[in-house]
């Protein structure tokens, strides 16, 4: 009987769900905020040349996400204070056109893919 009780106690604690941990740059589905590094990259035109124009990206874990400023709640000027630094934000990951803020099909030549919208900077 003692062995059965000991086995039950062992199994109870061994099978207990562990609380997931979140490392910097990963989105915890239960949390509202993400911490990443803000970086600036040169714009690459359709010909593959890097121009002098700079764009902002969130470098989260192993992926850099283009920041679509016009859909978010922060300006590029507010973000520039954090270039090459860690920043905690309330953000949303989306898929679509990077360069235009409307859904007009005339802009089909826009760069497309995954991007982020930053709703708020968390201090």
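Any read-out appearing in this document is the output of simple, stated calculations on the displayed coordinates, not a laboratory observation. Model, not experiment: these values are computed from the prediction.
Run the numbers for residue 95 and residue 43: contour at 0.36 nm per residue of separation, minus the present Cα-Cα distance, in nm.
Gain on extension, residue 95 to residue 43, equals 16.8 nm.
At 0.36 nm per residue, minus the direct Cα-Cα distance, what do residue 51 and residue 120 gain on full extension? Give it in nm, one decimal, please.
Here the segment from residue 51 to residue 120 would lengthen by 22.0 nm.
Please work out how much length the chain gains when fully extended from residue 61 to residue 76, using 0.36 nm per residue of separation minus the C-alpha to C-alpha distance, in nm with one decimal.
Taking residue 61 through residue 76 to full extension adds about 3.2 nm, to one decimal.
If contacts are Cα pairs under 8 angstrom and at least 6 residues apart, what is the relative contact order of region 30-122 in percent?
Once divided by the residue count of region 30-122, the mean separation gives 32 percent.
In region 30-122, what percentage of the DSSP-assigned beta bridges are antiparallel, given to the nearest 5?
Looking only at bridges with both residues in region 30-122, the antiparallel portion is about 90 percent.
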